[in-house]
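*Asks:* Dropping the structure in here first, questions after.
Computed from the coordinates by the stated procedures, all read-outs in this text should not be read as laboratory data. From a predicted model like this one, the values you see are computed outputs, not experimental measurements. As a convention, Cβ positions derive from the backbone with ideal geometry for all residues, glycine included, and neighbour counts pool all protein chains shown.
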Amino acid sequence: MVMFKLCVATIIFFVELFAYTSAAYQGKFENFQEAVKKESVEDKISKYLKKGSEVSDHFLVTENQLFMFATKIDKLNKNPEFVLRFGSRQAPKFFVKKSLHGLRVAIDPGHLGGRMAFIEERFVDMSLPDNTRIQFDEGTLATVTAKILKQYLIAVGAEVLLTRDEPGKSVYTLSFDAWCAKSFAITSDRDWLDPKKQQVAIDYLKNHSPSFMLFKSEAPEKRLTSIIRAQDASAKVVPLKKALFRLCYNSLDLNARAEKINSFKPDLTIIIHFNASGGAHDISAADYNLAFVPGSFLDGELKDLLSREEFVRLSLSDDIKESVKLSRAVVKNMEKMLNVSTMKNSQYQPNGTIFVENGIYCRNLALTRLVHGPICYGETLIQNNPEEAVLLSQKDCEIDGVSVSSRLKNVAGAYFQGILDYFEFNGQHK
Ligand SMILES: [Zn+2]
């Protein structure tokens, strides 16, 4: 018995020693050691973080500790890469500024838009019943909205970072074309038609595509098949460009956005997207608003160390709680100021999300996972709803000398009022 106890003690000691000496996590969560209670971690994991059953292969909550494991085998072998000791020491406090002056707000206008809208597959091109053709793109709408929101925030003394401010321009240092030139030596339209160069890009796709995508239309295999089955070299160009953008280049750009935002150290982050239902040419009868917050890790989404670190941050910090508060304020103002209802279906995209409350869903997107602090990832309005499309495509006001839709002013106003409400200010947006 004594022998057994000694053994257990040795194992525990060894396990803890391993955790302290592991290069992983690099002391990132020292502030949380002995400052977080078991119940709080368990609550966050079960309520917001764990969607896929394989997520459990990477963590273990015991009476006194949270263990993280790189693999299922490491868990079986009790070989953790990180250990958090529970305790009731004073936890790091979430700091809420009392004044808007100096409030640091990061704004990320989703996608690229402009000349990249077709390749990134984020545009609307529809014909109304009276044959009116409507064309616009999400990246441009998001850019304009972000610029208006920036103006509102600067006027009340906030410091604002826009990750990008020009349609078509990425945040990643290389443009899509420059990245293709560097990666596959494709520098011209003629190069894109060269079967040998196409093959280099197809091989790259095979080796670098993510193994899992939530939506079937995004599935790497489906995209690869459509490229391979295309009749000739010229028919391969567009699906090849789209696949390279969606499955490879897009993550480089999203990572660059997250890095830019985190190094700005914002008090809160707004990610601006406009929603759509179906394809670019479809018409949707519905129109609604919602927002994504961090969480909802699916099977396979804790395979890399960085994701596991973010999982730990989200299970220890107040980031999800504050993101829900911020998003609640934004979604409420979207409904009020846009006169469009909040999505109330708890089964919205049920394979990928966790329903928090009306209009708010946890979803493990690159930016909800990588951006630190309170975040509202807004998915406003259904762009391909016919009445909405008319409103969004009208050019009835001017921003920076460009004619845009006044609907975007309302969207920016709702984000702005949402931020004020989150901080419980009474300022009135005009
Ligand atoms: Zn979007």
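*Asks:* Using θ = phi - 60° and the Karplus relation 6.51 cos²θ - 1.76 cosθ + 1.60, list the HN-Hα couplings for region 364-375 in order, rounded to whole Hz, with x at every Gly or Pro.
*Replies:* 8, 8, 3, 7, 5, 7, 8, 7, 8, x, x, 9
*Asks:* Please list, or write none, the aspartates and glutamates whose alpha carbon is within less than 17 Å of the alpha carbon of K222, excluding same-chain residues fewer than 8 places away.
*Replies:* E120, E121, D203
*Asks:* Using the Cβ atoms and a cut-off under 9 Å, what net charge is assigned to the surroundings of K72, where Lys and Arg are +1 and Asp and Glu are -1?
*Replies:* Values: positive: K75; negative: E54, D57, D74.
Taking every Cβ under 9 Å from that of K72, the sum is -2.
*Asks:* Which three numbers, in whole Å and largest first, are the semi-axes of the equivalent ellipsoid of region 110-203 derived from its Cα gyration tensor as √(5λ)?
*Replies:* Details: eigenvalues 210, 101, 11 Å².
Taking √(5λ) for each Cα gyration eigenvalue gives 32, 22, 7 Å.
*Asks:* Determine by what factor the alpha-carbon radius of gyration of region 330-371 differs from 2.2 N^0.38 Å, reporting the quotient.
*Replies:* Working: Rg = 11.7 Å, N = 42, 2.2 N^0.38 = 9.1 Å.
Ratio of Cα Rg to 2.2 N^0.38 Å: 1.29.
*Asks:* Next question. Long-range amide H contacts for L381: which residues qualify at under 5 Å (H placed 1.01 Å from N, peptide plane, sequence gap of 5 or more or a different chain)?
*Replies:* Residues meeting the criterion, in which the H sits 1.01 Å from N, are N275, Y288, N289, L290.
*Asks:* Does region 299-430 come out rounded, prolate or oblate, given a ≥ b ≥ c as the square roots of the eigenvalues of its C-alpha gyration tensor, rounded meaning a/c under 1.5 and, failing that, prolate meaning a/b above b/c?
*Replies:* Prolate.
*Asks:* Step through the residues of region 228-244 one at a time and calculate ³J(HN,Hα) from phi using the Karplus curve (6.51 cos²θ - 1.76 cosθ + 1.60, θ = phi - 60°), rounding each to whole Hz and writing x for Gly and Pro.
*Replies:* Calculated HN-Hα couplings, in order: 5, 7, 4, 4, 9, 4, 5, 6, 7, 4, 5, x, 5, 4, 4, 5, 4 Hz.
*Asks:* Taking only the alpha-carbon atoms of the chain, what semi-axes of the equivalent ellipsoid follow from 5 times the gyration tensor eigenvalues under a square root, in whole Å, largest first?
*Replies:* Semi-axes, largest first: 39, 30, 19 Å.
*Asks:* Now a separate question. Computed from the mean reciprocal separation of all distinct C-alpha pairs, what Kirkwood hydrodynamic radius does region 365-420 have, in Å?
*Replies:* One over the average 1/r among Cα pairs gives 13.3 Å for region 365-420.
*Asks:* What aspartates and glutamates does K196 reach when the alpha-carbon gap must be under 19 Å and sequence neighbours fewer than 8 apart in one chain are set aside?
*Replies:* Qualifying aspartates and glutamates at Cα under 19 Å: D177, D232.
*Asks:* Whole-Hz Karplus ³J(HN,Hα) for region 405-412, in order, using 6.51 cos²θ - 1.76 cosθ + 1.60 and θ = phi - 60°, x for Gly and Pro?
*Replies:* With the stated coefficients, region 405-412 comes to 7, 5, 4, 5, 5, 5, 5, 4 Hz.
*Asks:* Is the shape of region 176-249 best called rounded, prolate or oblate, per the rule: a/c under 1.5 gives rounded, else a/b larger than b/c gives prolate, else oblate, with a ≥ b ≥ c the square roots of the Cα gyration tensor eigenvalues?
*Replies:* Taking the square roots of the gyration eigenvalues as a ≥ b ≥ c, region 176-249 is oblate.
*Asks:* Follow-up. For C248, C397, C180, what's the fewest-to-most ordering of other Cβ within 10 Å of each Cβ?
*Replies:* Working: C248 21, C397 14, C180 24.
In order of increasing Cβ crowding within 10 Å: C397, C248, C180.
*Asks:* On to the next question. For region 347-430, state which GluC sites (Glu not before Pro) are in a DSSP loop and have at most 12 other beta carbons lying within 10 Å of their beta carbon.
*Replies:* Counting only loop positions with at most 12 other Cβ atoms within 10 Å, the GluC sites (Glu not before Pro) in region 347-430 are E424.
*Asks:* If I build a Gaussian network model for the chain, linking alpha-carbon pairs within less than 10 angstrom, which residue out of T71, T62, T163 has the largest mean-square fluctuation?
*Replies:* Comparing T71, T62, T163 in the GNM, the peak value goes to T62.
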